[in-house]
Amino acid sequence: MRRSRKRNIQPLLRESTIVKTDLVAPLFVDENLADPLPIMAMPGQFRYPVSGIARVAERLWNQGIRAILLFGIPKNKDPGARSAYDPDGVVQQAVRKVKAVLPAMVVITDVCACEYTTHGHCGIVGEMHSGDQDLLNDPSLELMNQIATSHAEAGADIVAPSCMLDGMVSSIRRALDDAGFSDVLILSYSTKFASALYGPFREAAGSGYSFGDRTTYQLNPGNRREAVLESRMDMEEGADILMVKPAGLYLDILADIATLGLPVAAYQVSGEYSMIKAAAANGWIKERETVFESLTCIKRAGADLIITYFAADVCRWLDEE
Ligand code: PBG
Ligand code: ZN
C-alpha cells in the first residue's frame, strides 16, 4: 500500500489508538493485611491493605488513570456473605478512603459474593430440585441489592454486578433508585464466559469455589448467539454499560455487542495478564509490544473501556513515547 510506505503518515491514518482514559485499573483490597502482598500468579500485582489503598489510587491518578475497579477480601466469610454489605466492610471502607482524597476518580465496585462466602460461590447456595447444591437465583438477587446499595452509600460511582443472575440488573436498578442513588451507574458483567482464564484471579481475590463450577451461571465459550442475548437482556433491564469478559479470545462477541448501542467494557482478565507476563519473563515475547497489540485489537473490536491489570504499565509506556 502506497500510504503505509511513508512512516510519517502512519500515525495520521491509524484507526485505533489506546489512550489513558480507555483504561480501568482493577485493585484488590484485603482487610487482613497491614502491608501489600504480592500475588504470585500475577507478577506485578498486589493485594493492598485498606490503609494503603488511597495512596495507590493517588499514584494511578498521577499517572493518568481516571477509573478503578475495586475487589475486596474480607476478614470474615459466611454462607450468606454478610460482610459483603457491611457498611464498614472492606470495599465500603476503601471507597470512602479513595473518594476522600480523589473525589473525581471514577470508583467502580465489583458486586459479587464469591470473595465473601465460605463456599466461594457468587451468591446464596442451596439445594436444587435435582438434589445438587447450586446458586439460588432469587435469594441471591436480594443479596446483590444489599451489596450494591451499600457500595453506593460509601460513594461508588458505578456498581459492577458480576454474577449474571437472571433479573439482576433491573433488581439492582430498582434498589438503587429506591435508596436515592439514581445517579449511580450499572456496569453489568453482561456477557461473562465460564473461562479457564480466571485461574490467577482465585489467588488474587481468594475466591475459589469448594464444589461444583460456574457453568450454571456463566456462558459456554462456544455460544455466540446466547452471548449477545445475555447482553441485550441486561440492556433492556437498564444497564448503563455492558461487558465482555474475557476480552482477547472473544473479539467477535465484543464486535457483536458493540452494535447494541450501549458503551461496552472489555475485561482483559487475570489469565490474559499472566500469560503475557510469563512469556515475557522467559524472553519469549516482548511485553510492551504484546500488551499494546492486545489492547489495540480489543479497542478495534469495539471496546469503549478496557479493564486491564496492565493499566499502570500502559500509562508509563505512553509517557515514555
Ligand atoms: C467473580 C469474578 C471473577 C473475575 C472477576 N469477578 C471470577 C469468576 O467469575 O470466576 C475474574 C477476573 C479475572 O480473572 O481477572 N465474580
Ligand atoms: Zn463472583
- Query: What is the range 19-320 by shape, rounded, prolate or oblate, if you read a ≥ b ≥ c off the alpha carbon gyration tensor as root eigenvalues and call it rounded for a/c under 1.5, prolate for a/b larger than b/c, and oblate otherwise?
  - Reply: rounded
- Message: Sorting check: for 21-27, 132-138, 196-202, which peptide has the highest mean count of neighbouring beta carbons within 10 Å, and how do the rest follow?
- Response: 21-27, 196-202, 132-138
- Message: Placing unit charges on C-beta atoms (Lys and Arg positive, Asp and Glu negative, everything else neutral), compute the dipole magnitude of the chain about its Cα centre in debye, rounded to 20.
- Response: 1620 debye
- Message: Report for the chain the percent antiparallel among DSSP-assigned beta bridges with both residues inside it, nearest 5.
- Response: 15 percent
- In order over the range 21-33: 3J(HN,Hα) from phi, Karplus 6.51/-1.76/1.60, θ = phi - 60°, whole Hz, x for each Gly or Pro, gives 6, 6, 9, 10, 9, x, 9, 9, 10, 10, 5, 8, 9
- Task: Express the relative contact order of the chain as a whole percentage, based on alpha carbon pairs under 8 Å and six or more residues apart in sequence.
- Result: 18 percent
- Task: Obtain the nm distance between the two label points defined at MET275 and ARG202 by a simple spin-label model: each point lies 7 Å from its Cα along the Cα-to-C-beta direction.
- Result: 1.8 nm
- Relative to the first principal axis of the alpha-carbon coordinates of the chain, what is the inclination of helix 311-320, with its axis defined by its Cα atoms, in degrees from 0 to 90 and to the nearest 10? 20 degrees
- Message: On a full-extension model of 0.36 nm per residue, what is the gain between ALA100 and ASP304, subtracting their alpha-carbon distance, rounded to one decimal in nm?
- Response: 70.7 nm
- Note on the structure: the chain, Gaussian network, Cα under 10 Å: of GLY271, GLY126, GLY64, the residue fluctuating most is GLY126
- Message: Run the numbers for ASP88 and THR215: contour at 0.36 nm per residue of separation, minus the present Cα-Cα distance, in nm.
- Response: 42.5 nm
- Message: For a quick check: with amide H placed at 1.01 Å from N, whose amide H comes under 5 Å from VAL24's, ignoring anything fewer than 5 positions away on the same chain?
- Response: ILE306, ILE307, THR308
- Could you calculate the FRET efficiency of THR21 with GLU127 from 1/(1 + (r/R0)^6), where r is the beta carbon distance between them and R0 is 41 Å, rounded to 0.05? 0.30
- Built amide H within the under 5 Å cut-off of TYR85, gap 5+: none
- Item | Gyration tensor (alpha-carbon) shape descriptor, the range 198-321, a/c threshold 1.5 | oblate
- Per GNM of the chain with C-alpha springs under 10 angstrom, the most fluctuating residue out of SER170, SER130, SER51 is SER130
- Compute the relative contact order of the range 149-203 as a whole-number percentage, counting only Cα pairs closer than 8 Å that sit 6 or more residues apart in sequence. 41 percent
- Note on the structure: Nearest-0.05 FRET efficiency for GLU321 and ARG5 at R0 = 25 Å, using Cβ-Cβ distance, is 0.65
- Message: Counting only other residues whose beta carbon sits under 15 Å from that of GLU320, what net charge do I get with K and R as +1, D and E as -1?
- Response: -1
- Note on the structure: For the ASP138, GLU293 Cβ pair and Förster radius 45 Å, calculated FRET efficiency rounded to 0.05 is 0.55
- Note, the range 82-93: 3J(HN,Hα) by Karplus (6.51, -1.76, 1.60, θ = phi - 60°), whole Hz, Gly/Pro = x, goes 5, 5, 6, 10, 5, x, 10, x, 5, 6, 4, 5
- Task: State the extension gain, in nm to one decimal, for the chain segment bounded by ASP177 and ASN62, taking 0.36 nm per residue of separation less the distance between their alpha-carbons.
- Result: 38.1 nm
- Query: Which residue, SER210, SER274, SER195, tops the fluctuation ranking in a GNM of the chain built on C-alpha contacts under 10 Å?
  - Reply: SER210
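Where a number appears in this text, it was derived from the coordinates with a stated rule and is not lab data. The shown structure was predicted, so the numbers you read here are calculated from the model rather than taken from an experiment. Please note: Cβ atoms are built from the backbone with ideal geometry, for glycine as well, and neighbour counts cover all protein chains shown.
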